[in-house]
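The values are calculated or read from the model by the stated rules, or taken from the named source; none is laboratory data. All values reported here derive from a predicted model rather than from experimental measurement. All Cβ positions, even for glycine, are placed from backbone atoms using ideal geometry, and neighbour counts span all protein chains on display.
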């Protein structure tokens, strides 16, 4: 099963916090900022990005800080998104 997990960022300064295990999603130009993440989901759906994998997801640029789940190392195989759970 192909999994495409995107990590959303809104500012250039956030790029250094992105995890290389995920596909970066540039949302610096957001024509509808009041929609917040909905804008990302809607735009991706309309562009057909949600059909690029069997499973497609979107994460915050703060994912690593918020969850403390290490997925980095630059290899997508190092993070099993199907069994990812927050720490106790």
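Some observations on this one:
- For region 50-72, the set of residues classified as part of a helix (DSSP H, G or I) and either in contact (Cβ under 8 Å) with a residue 24 or more places away in the chain or surrounded by fewer than 14 Cβ atoms within 10 Å (Cβ to Cβ) (or both) consists of 51, 63, 64, 65, 66, listed by residue number.
- Among residues of region 17-34, those that are part of a loop (DSSP other than H, G, I, E, B) and exposed (fewer than 13 other Cβ atoms within 10 Å of the Cβ), counted: 4
- Members of region 29-41 that are touching a residue at least 12 places away in the same chain (Cβ under 8 Å) and in contact with a helix residue (DSSP H, G or I) (Cβ under 7 Å, 6 or more places away or on another chain): 30
- Here the condition is being part of a helix (DSSP H, G or I), modelled with pLDDT of 85 or more and crowded, with 17+ Cβ neighbours inside 10 Å; of 14, 7, it holds for 14 alone.
- Unique residue being modelled with pLDDT of 80 or more and closer than 13 Å to residue 3 by Cα when the list is 65, 29, 23, 40: 23
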